[in-house]
Every structure is written in C-alpha cells, then in structure tokens.
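The values are calculated or read from the model by the stated rules, or taken from the named source; none is laboratory data. What you are looking at is a predicted structure, and each value in this text was computed from that prediction instead of being measured. Cβ placement follows ideal geometry from the backbone for every residue including glycine, while neighbour counts extend to all protein chains displayed. With ligands, DNA and RNA removed, areas are computed over all heavy atoms of the protein, side chains included. Shrake-Rupley method; radii C 1.70, N 1.55, O 1.52, S 1.80 Å.
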Amino acid sequence: MCAALVPSTALHRSCQPAEIPFDTTADVAGTQEILGQDRAVEALRFGIGIRQPGYNVFAIGPPGVGKKTLVRQLLDQRAGGEATPSDLCYVHDFGDPHKPRALEMPAGLGSRLASDMARAVAELQVSMRGAFESDEYRTRRHKLVSESKDRQERAFAEAQERARQRRIAIARTEAGIVVAPLRGEAPLEAADFRRLPKDEQERLHAQMERVGAELEELFRKFHDWSRQHHEALQELDREIATSVAHRVVEAVREGYREQPRVVAYLAEVEADVIEHADDFLQGEAEGLEAAFRRALRREQQDGPSFRRYQVNVLVDNAEQKGAPVVYEDNPTFSNLVGRIEHESQFGALVTNFTLIKAGAFHRAAGGYLLLDALKVLEHPFAWEAIKRTIRSAEVRIESLGQALGLQPTVTLEPEPFPLGNTKVILFGDRRLHYLLALFDPELSEIVKVVADFEESMDRSPETHGAYAQLVATLVRKEALRPLGRDAVARVIDHAARWAEDAEKLSVHMRPIVDLIREADFCAQSAGHPVVSAVDVQSAIDAQLRRAGRLRERLLEAILRQSILIDTSGEKVGQINGLSVIQLGEYFFGHPTRITARARVGKGELVDIEREVELGGPLHSKGVLILAGFLGARYAAQSPLSLSASLVFEQSYSPVEGDSASLAELCSLLSALSELPLRQSMAVTGSVDQHGHIQAIGGVNAKIEGFFDVCQKRGLTGDQGVIVPQSNVKNLMVRRDVVEAVEARRFGIYAVSDVDEAMELLTGRPAGARDAEGRFADQSVNALVDARLAAFAESTRAFLSRAPIG
C-alpha cells in the first residue's frame, strides 16, 4: 500500500492534430449535428411534436450549453413547414362598446380588412355627402316639403272659409292665430262687439268657440302631419343612406364571404352607418380623390364617430411563413398577455379598442413562445399570467389591476383569443426548475416535458472529429478566420479542460465561441491569415490575465509571507490544504495552511470555522466524519478521550465543501502522533469514515495553485500535490506543470486512503493491525493509538482522583 506518482502522460491528454479530419476549418462546410445532447434532443422533439394540453417544455441546464440555440435549430426545422396562423384583430362591438370583439381570419386578411374599412369610410364620407347633395335627393325632399306645406295651407284655407260662412274671421298675427266676428269683410272691433245686443254677443261667442274647437282639431292634425312629414323625410334619408351604405359595405363584404364573423361584423357596420349617416355629412367637403389617397395611407378622420369603424390589427401574419417562433426577452405581465393603453383628453385618461396592444402570447399564437424562466419569475404576476393562459387555453387582455380585482375605473374587457396549439418553451437552470416544481405543484400540469441538457460528452478520436466539425461550423457562423488543424486540437483540449475531465469534452458552447472569437483577434493582431494553436493559447493566456488580478495578489501575499505557506521543511500538526476561489466563470486554486492541536478531553473535535460560523454545512459534515473515523479506528474498545481543534489559518471568509477533509485528518493524525508532515506537499481530497479518499472538484486549479507558489520560490523536486486516485481521470493540468513533472522537479501523487497519504507525508509506514489487534511498532497508526491510549489513561486517573460529589 503506497501512494502512486502520476506519470506525466496522465496529467494532460492532448488531442493530436492528426486526429482532425481537415487542414483548416475552411475546408469543410460544417455540421448541423447536435453533439452530446441526445437526451435533450429526444425530449424536445417529443415536446414540440405532441399536440396535447399541458405538454409544454422546460429546457434545463447550466448557462452556455446551447439550450436556446438547440431549441431554435429544432424549431427552424419544424416551424417553417407548419401552417401559418391567423391574423388577430379587434373591432368595435356595436352592441356592447366596452367589450371589443375578437376576429380571427387567415393570414393577410386582417391588414386587408383594415385597409378596406379605411377606404370604405373615406368613400362613405364622399358618397354620402354627394348623395345628400344630389338633385334627385333635393327634388324628392323639396317635393315632400312642398306637399306637406300645401296640405297645411289648404286645410287652413278651408277652415277660414267655414268660419267666414259663420261670420267669423281667422287671422294670423304676430301674436298667433286670432278668431274674431266679422262685420262685412272686416273683423268687428271690440268696442263695437260690446254694443251689440246681448243675445247677438252670445250667438257670436258660441260661433267663435265652435271655430276655436275646429282650429284645435286642425292643429292636432297639423302636428300629426308634421310627424308624418318628418318620418317621410327620415325615411328618405334612410333610403339614401341605405343605398350608399349597402353599396360601399357590400363591396367590402364581397372579399370576406367565407368569414362568417367578418360578414356579421360588416352587417353591423352597415346598420350603424345608416343609423349615423349625419356623421358623414359634418365637416368640410372633400374630393373623392383626396379621400381615397387618405384611405390608402390608412388615415381616417379621427374622432369617436369614425374610430369605431377602424380595425385594430393586433397580429399581422401576412409576411409570416409557417408557425411563428417568438422569444420574449422582457416577460412582464403586460408584455405576455397584452395591454390596454390610454390617452389623455381634457385631463382624463380614456381608451378605446384601437389602443389595445398585443402580447407575446398573441404574437406566438399557433406557434412557439420562448421564455427565460428566471426573468418570468422576476416580474410580478407574470408566472401567474402564464399558468392562467395555459390552463384556460385563451389569451385574455386585462390590466394588472383588473387581474387583482383592484381596477378603480371603467375600462375595456376585450373578448379573449383562443390559445390554440401554441407551445410554451421555458429555459432555466436545474435548480430553478426543481425549486419551482417543489413550491408550485401546478408546474407539472402545464409543463409536462423536461429537456435536461448535458454539460459534457464522452471524449474519443471519433468525437474529436465531430467536435472539430462543430468548431468549423461555429467559425463559419461567426464569419471568422479559418482555424488550422493545430488550433482546432488546442480548442478541443481546452474543452476537456473546461469539462474538468480528460475523458470528457465540455458542451458549454459560449466559452468555446468566445475563445474562437478571441483567437481570431489574436491572429488578426499577429497578421496570421489562419488561426494557429499559438493564437488560441494567446487568447487563453489573455483571458487568464484579464481575470487574474485577485489570483496574482494572493500569490504575491504568499511570496511576501503576508499569508504564511511553507513549501519546505516539516511541521507537526500543520499541512498545506488546497481550495478554489470562484469569480464568475473564472476560478483558481491556492494553498491554505491547516493546523490541528490535540489534548486530553471528552472526545470533542472542534471545528473552529464552524464555531465562528465561517464553515458551511458540507465542511462541518466533513469534520464530523473525521470524528467517526478516529473513533472507529482507535477507540472501538475504549473512550475517545480527545479534545482536538482544526482551523484554516488566515481564513477570513466562509469555508465550504469537504475537499479539505483529507488534509484536516492528516494534520490531526500528525498532532496525535507528533510526527512532522512534509511542508513541500499540498493535499486535497475528501475522506469517508473508513479512511477511503473520495474525488473532489477543481483538481486542476488546485494543483496549479500550489505549483505556482513552488515555481515562484524555486522548484526543488521534493514538492508536489497529493490528489485522490479517483481524480486522475480528471487531470488536464497546464503544460508547464506537465513539463515540471517530466523533469522530476514537481510531483503529483494519487492516493486511495489516508494511510497512503500519511506514509507519503511522514516517510513512515502507516501500519496495520496484526492478528492481536496491534499496529506495527513505531508506525503512524501505532503512535496515534498509543497517544490516544495515554489520553484515556490520563482521563481515568483524573476521574479516580476527583472527589465524588
């Protein structure tokens, strides 16, 4: 049982340029093949293809793996062959103006209807005025007026004649109609009337009352005749308006015979035009040619009387080929379901159906709506709007106040549009999806398909060739300089480095595309027509340089001994641990001093980081595992009379993870055995209760972090890093580290259990129990066991002397 020195050939698996099937990326046309995402592609094709309620898709995976690109690619292949969705329009509801009517019609008909209605209104303004100013209308109107007037004149003359025969005069005066007795042909004066005999006066009074009654009856007839005359004029106006309206609207109706809802709407338009014909006679006269020019520009005379005839084309699919694919980058409540805008008039906010604006659900109707789940959840009530729309299968436009029941004023209630076959595709990382599924049980009802994206793919000579084809595709898509064979091989190596696995290739396309772009810039600066491996390496070095300020400051602090890290000599209870600092997508490793102290106690293992609340739960778990290991190996038959403390020296920020548990255990065993540990070594790895070493993350960065310190101080050949055996397959260290290992100036050692690590750190056998349960004399485990036994004996002696209370 001993630690294995990892050979340099296992430290960095390189893609050989000979494995690239072309000289430069310009020699190939690229590929549309989707690498490493078979599971996600299968799920997406299923989710896109199935047409059942609730089968929407949630594409999950870390940023940069190409979720949106892959979805777009699949949708581009499918959407173009699907049916083009209908145009969506809102029109005035003449029966209930507060509830605009929704119209769906084949693509292109919406804008055509809007233009036809604009022309119709313009023509009505001209034709209606022309009809009511025509000679025919004037003649017919004059005839009706004359006939009515003549009828009244004749009736009045006949009444006058009948009154004259009774010796009574009917005269028109400024004060009105006057009835008076006659003397000859002239009315009798009042004074003369009073001088008449009493019986004559009474007779004349009776005659005047009779004539007055007849006049009242005549005036009642005049009133009826006037009403009939007015109705005749109205009927004439309606006849003229009907003739004009039917002719104009019928011309529009001819183009929409196969659209029943449009035909019904036009019938209501025709009836409303006839009812409000006077609206078309107001204002200044306009020539037909000018009106038509205005209509072609879609300009109607504004105002409530004509605005109600407009068509609000919410979604115009005239230019759309196939099903729409809509990505809403700002998924607010209103941007999703639409909004009703208002305008200020005389200090008040008013609205009408022409101010209704489409939302993303309208634009994506019959197609695909793509949304970023995190952005949706960032906007109040946007998620609720999505759920309600999918559940109800209709897109209802309302303000947020209406949705919450807080709308204080009267507003519009547009008729909703059916959602139809619209697919919603959400994007997000796995944690967001799992949290949403945990806290919102309705998620599984509205999103039944999960497309889980991989972060890496298997690495082999075959996949090297496929990856090279993908690189060629990216170069062509970005219109960059071609990459040479060696440059493509270097990109593939970097993809393995990004995957942190020599046997895998990262499918995070964003950093790969960024590297290709930056390598193109380096080639441009160097005057290279073809990007070489040198240009790719220059781009990588520049990335590290731009992000490396903190790394350089920490390294400087170690070299100036502001941060204490030993790289030579031996110390008891002290070891170099390794940790990783992540800054966005950039991360780097650096060494940290870990120390342990042990004394007689009650079996306590104090994690100072946890005590001061700097240790995370995973780190605390690792420390507790150490206590389990010590108790099982050294105190199975006796109490663990130990009080020990562990600390990350000069650590002023939170510590998380269990990758330092091996280093902590080694420092603790050193403190117990009083054996010094080599300070030229750094250790990383987690440990279980049996002492087995487990894999950790960031192994390459950790190795390089300690290597940089040793290199700055001078490589001696005694320095190195201990890593878990299970992490050897993850090794993709820098070329300078490989060269140092090849020159035997630095070493990387793989261990499987804590005993191997202790042998390497102390230079002394770890020791195993013999048949009698004893460890080999002077071995690491024997010294630890003896020290713990001494602690237990001290405890027993102390307790035997203590007074019994």
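General observations
- Under Stokes-Einstein, with the Kirkwood radius over Cα pairs as Rh, the value for the range 589-746 at 4 °C and 1.567 mPa s is 78 µm²/s.
- In nm, spacing of pseudo-spin labels at Glu133 and Glu454 (7 Å Cα→C-beta vector): 7.9
- Net length gained if the chain between Leu355 and Arg72 were fully extended (0.36 nm per residue, minus Cα distance): 98.7 nm
- Within the straight-line cut-off of under 17 Å between alpha carbons, the lysines reachable from Lys221 are Lys149, sequence neighbours fewer than 8 places apart in one chain being disregarded.
- In terms of its C-alpha gyration tensor, the range 316-465 comes out prolate, because a/c is 1.5 or above and the ratio a/b outweighs b/c.
- The slack between Leu182 and Gln152, meaning 0.36 nm per residue of separation minus the straight C-alpha distance, is 8.4 nm.
- Between helix 430-439 and the chain: long-axis angle, C-alpha atoms, 0 to 90°, nearest 10: 60
- Averaged over residues, the count of other Cβ atoms within 10 Å places the peptides 476-488, 657-669 in the sequence 657-669, 476-488, highest first.
- Across the cross-link table entries Lys99/Lys357; Lys571/Lys602; Lys68/Lys504; Lys423/Lys448; Lys321/Lys357; Lys702/Lys729, which are compared at the Cα atoms, the separations over 20 Å belong to Lys571/Lys602; Lys68/Lys504; Lys321/Lys357.
- Amide H contacts under 5 Å for Leu731, placed H, 5+ residues apart: Ala502
- Over the range 325-400: Kirkwood hydrodynamic radius from C-alpha pairwise inverse distances, Å: 13.1
- Rounded to the nearest 20, the Cβ-based charge dipole of the chain about its Cα centre (Lys and Arg +1, Asp and Glu -1) stands at 800 debye.
- Extended-chain gain in nm, criterion 0.36 nm per residue less alpha-carbon gap, Phe193 and Ala789: 199.1 nm
- Legend: calculated FRET efficiency, Gln345 to Leu281, from the Cβ-Cβ distance at R0 = 30 Å, rounded to 0.05, equals 0.75.
- In this label model, Glu415 and Ser643 are separated by 8.4 nm, measuring between points 7 Å along each Cα→Cβ vector.
- Taken per residue, the accessible surface of the range 196-269 reaches 60 Å², heavy atoms only and a 1.4 Å probe.
- Nearest-0.05 FRET efficiency for Ser243 and His205, computed from C-beta distance (R0 51 Å): 0.35
- Nearest-0.05 FRET efficiency for Arg261 and Ala83, computed from C-beta distance (R0 25 Å): 0.85
- C-alpha long axis of helix 533-547 to longest principal axis of the chain, angle in °: 80
- The Cα-based radius of gyration and maximum Cα-Cα distance (Dmax) for the range 433-511 are 17.4, 52 Å.
- Cα convex hull volume per residue for the chain (Å³): 320
- Three-way shape call for the range 1-67 based on the alpha-carbon gyration tensor, with the a/c threshold at 1.5: oblate
- In this structure the amide hydrogen of Asp452, modeled in the peptide plane, comes within under 5 Å of the amide hydrogens of Ile60, none closer than 5 places in sequence on its chain.
- Computed label-point distance, nm, for sites Tyr434 and Glu33 using a 7 Å Cα→Cβ extension: 3.2
- The range 482-523 residues near the modelled Arg735 label - backbone nitrogen below 13 Å, point 7 Å along Cα→Cβ: 486-491, 493-494
- Counting only protein chain heavy atoms and rolling a 1.4 Å probe, the accessible areas of His508, His379, His362, His692 rank, largest first, as His692, His379, His508, His362.
- The angle between the Cα long axis of helix 461-478 and the main principal axis of the chain comes to about 40°, on a 0 to 90 degree scale.
- Here the Kirkwood formula puts the hydrodynamic radius of the range 19-133 at 20.1 Å, using every distinct Cα pair.
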